Amino acid sequence: NQRPCQLHYFSPPSPSPNPSSSSSLPCNSPITLLLLLFNNMFSILSLLFTLSLLPLSQSQSPPIKSTLINCGATTSSLISNRSWDPDTQYISTGTPIKLTQPTFSPILSTVRSFPLIQSNLRRPKFCYVVPVYRTGKYLVRTTYYYHGGLNQIPPVFDQIVDGSLWSVVNTTEDYVKGNASYYEGVFKATGKSMSVCLAANQDTVSDLFISALEFVLLADSVYNSTGFDDSSLRLVARHSFGYNGSIVSYPDDQFDRYWEPYGETNPTVSRGANVSINGFWNLPPLKVFQTQLTDNQLKPMELQWPREPLRNSVYYIALYFADDSRTSSRFMNITINNVTFYDNLRVPQTGVALFANRWPLAGLTKIVLTPAAGSTLGPLINGGELFEVIPVGGRTHTRDLIGLNGLKNSFQNPPFDWNGDPCLPKENSWTGITCSDGSNIRVTGLNLTGMGLSGSLSPNVVNLTALNDLWLGNNNLSGSIPDLSTLKMLKTVHLEDNRFNGPFPSSLANIDRLQELFLQNNNLTGQVPSSLKAKLGSNLIVDPQNS
């Protein structure tokens, strides 16, 4: 559907992350255009969120705010002047493995492996939990280097961020080429930690593994047109057009984004280091503007980008342009798959960024850049980013998160998969957890019968206010039973065959919906209230000293 867009001319940037000093003109393309023109040279601003890119000769990448995890490693390491942590403080399950074969990067020399657990009912997930700034916007990157030593068949499995499916990991193609596979996405932190989890899917036939995990805090301006409360971004392609070198990353890109080379099939031009680009919200590195794909003639230039076919979905598209001519004028019409993307785009030396938040694509993608009327130069393009817009899958209710984390901390040996979101994705919920459907996701059942648990029953269990069934029988739990009377939805309580002590939990008589109570084979003192006996009858089983 066609819809209005805005042509934004921006005044010089201020330290505020919100470029509110813009005026707009209507246009007829279903795209939002950022045309960032600056007529004066500005002094270098030290703040990260200035929304400007400095001339290359003056720019210095600020210190990157990141957490870098070397999966399977046991000690910290300094690689390319960046500190990598061992993963033991972020995950408590899986097996660290040191690869015996040579690798082309120290980060790839270790992996953490997770066993394939076959189940028709659920597929447990293995989660890294990383501290973050609440509401921060993070670039998350996972790296997988499969060297054939773990199993004979490269694994295929899911990766999950908090409660949302991020993508399927398939290392087969890169494994054949001897390469590592990496996946990148942009996600908003809803709490003080984020989880990245691996889980088997229907195609998984061998053990899961991971080589590296990175979290990078992004500036407020980067990808700021995406509504991250209900969406995330999954990277499909990010290229520096006309460039044939190694991947552009940190320190050229202050957020360590990977810009892959794209220099085949079209004429390429290098502008050298004398580049002055200003004002891009997404803060692409200046190195991207040192090369370009171009056509010296006044004729259309066609790109197939990305090279691979896309699944039918909606995408975030960002295209970057900067003219290399001081004396001529360059105007272009741009189409994507024969649909007008933007008409009569003027490309200044200081740069222009063109982006669409939700553009439908499917199959192969053809971008055509055609000289517009009045242009004295052929088309050009410097860089592009393409993300699939993926929905946020929801989140387990905060009260339930508090309650379950309290239980986890009170158990000396909680289930190995009690990390990440308890309920989501549904097929990867925590062991023993039953959850409600719908948008308000609550924990309705807890069944850890016979799991060999030791420790105690945390008072935080009272936060599970939607709980219908509490089954912790046949374990080795001790201590007193907390007051459960606030759990008004409880129907069945099974705490038998443990080592609970202290007074009999007479407050259970205040739960109107309670239908079944098993407390035998514990060390409780006191008597069962007569009202509870009358109410439950034969569905009440306790030790003789309590009857």
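May I ask you to order 437-447, 409-419 by the average number of other C-beta atoms within 10 Å around their residues, highest value first?
Going from most to least packed, we get 409-419, 437-447.
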Carbon plus sulfur fraction of accessible area for segment 412-466, probe 1.4 Å, in percent: 49 percent
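Report the full-extension gain for the segment SER92 to THR398: residue separation times 0.36 nm, less the Cα-Cα distance, to one decimal in nm.
This chain segment gains 107.8 nm when fully extended.
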THR135 paired with LEU364, simple spin-label distance in nm, labels 7 Å along Cα-to-beta-carbon: 4.6 nm
Candidate lysines for bridging to LYS299, where Cα separation is under 21 Å - those fewer than 8 sequence places away on the same chain excluded: LYS366
Added length on full extension, which subtracts the Cα-Cα distance from 0.36 nm per residue, ASP220 to THR434: 73.3 nm
Euclidean distance of C-alpha centroids, segment 404-475 and segment 169-230, integer Å: 26 Å
Extension gain, LYS65 back to MET489 (0.36 nm per residue minus Cα-Cα distance, nm): 148.2 nm
SER480 versus GLU308: modelled label distance in nm, points set 7 Å from Cα along the beta carbon direction: 5.8 nm
Eligible lysines near LYS65 by straight Cα distance, threshold 18 Å, same-chain separation 8 or greater: LYS137, LYS188, LYS192
Set of lysines with alpha-carbon distance to LYS491 below 18 Å, sequence-local pairs under 8 removed: LYS533, LYS535
Per-q log10 I(q)/I(0), segment 83-196, q = 0.09, 0.10, 0.16 Å⁻¹ (Debye; single scatterer per alpha-carbon; no solvent): -0.27, -0.33, -0.87
Rounded percent of accessible protein surface that carbon and sulfur make up, segment 140-208, 1.4 Å probe: 48 percent
Estimated inter-spin distance, ASN344 and VAL168, nm [label 7 Å along Cα→Cβ]: 4.6 nm
Largest to smallest principal axis extent of the C-alpha atoms in segment 132-223, angstrom: 43, 24, 18
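If you build the convex hull over the alpha carbons only and average its shadow over all orientations, what do you get for segment 71-133? Give it in nm² to one decimal.
6.3 nm²
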Per residue, in Å², the accessible surface of segment 407-547 once ligands and nucleic acids are set aside, probe 1.4 Å: 42 Å²
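State the dimensionless ratio Rg/Rh of segment 293-392 (Rg: radius of gyration of Cα atoms; Rh: Kirkwood radius). Intermediate results must be reported in sequence, preceding the final value.
Values: Rg = 13.9 Å, Rh = 14.0 Å.
So for segment 293-392, dividing Rg by the Kirkwood Rh gives 0.99.
The values are calculated or read from the model by the stated rules, or taken from the named source; none is laboratory data. The structure displayed is predicted, hence computed values, not measured ones. Methodologically, a virtual Cβ is constructed for each residue, glycine included, from the backbone with ideal geometry; neighbour enumeration extends over all protein chains shown. What goes into the accessible areas is simple: the full protein's heavy atoms, side chains included, and nothing from ligands, DNA or RNA. Shrake-Rupley method; radii C 1.70, N 1.55, O 1.52, S 1.80 Å.
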